[in-house]
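To start, the structure itself, in structure tokens.
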């Protein structure tokens, strides 16, 4: 069976427009995905024995409708491809009537916590993870190209504060999106988000936001370190 959890949309989950915030949406999806990984007992045991885990490489989110306060949402995730180095999954959110509100895909690499290098999971472990058909959606490239011929609008650097980090001791995947949203024009609406994750940002470091707007429909925010390397690149599309 595909893995699912339920969440009620509460006051702390809302954006200023009264609907579920993107931050809370991604938190819901992350929780569902991590719980699914934890439920794969053979894979989880191998991760623990080898001090390894999954590093999220990219996420692509399509928003159909953001729910409002009080709605009970069903979040469903499943793996549709897996090899010794990385896995691919879908994670969707449905309302009480079964209508899809958000659909998404994501990829993650298997890495050693000690070295930060990729590791290979044995086939006999991978074969215990059930695979399902991928959700019918447009699968865009994992890599997000910085728009060419467009001058970046550079903003003041911001410190990585503790509230942005999680138990992995670096910025939580969802928080990069929240930070990038701060550099969108007021009232900027979007129906698709793409994120490419590069280097984990840690407490005390500084992010240098660079905003690219090649057209009226797309805005790309690069969150860089002092050397100009990307922590993450976030693309919003109307």
Q) Cα centroids of region 178-215 and region 71-87: how far apart, whole angstrom? A) 24
Q: Take the Cα pairs of region 33-103, get the Kirkwood Rh, then feed it into Stokes-Einstein at 37 °C and 0.692 mPa s and tell me D in µm²/s.
A: 233
Q | Alpha carbon convex hull of region 95-200, projected area averaged over orientations, nm² | A | 11.4
**Q.** Largest-first ellipsoid semi-axes for the chain, taking √(5λ) over the Cα gyration tensor eigenvalues, angstrom
**A.** 28, 23, 17
Q | Principal axis dimensions, largest first and in whole angstrom, of region 3-126 by Cα | A | 44, 26, 21
(Q) I'd like the projected area of region 153-237, averaged over all directions, using the convex hull of its alpha carbons. Report it in nm² with one decimal. (A) 5.4
(Q) Counting only helical runs of four or more DSSP H residues, what would the 222 nm mean residue ellipticity of the chain come to if each run contributes -39,500 (n - 2.57) and the total is spread over all its residues? (A) -5000 deg cm²/dmol
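We did not get these values from a lab; they are worked out from the coordinates using the rules stated. What you see is a predicted model, and the numbers here were worked out from it, not measured in a lab.
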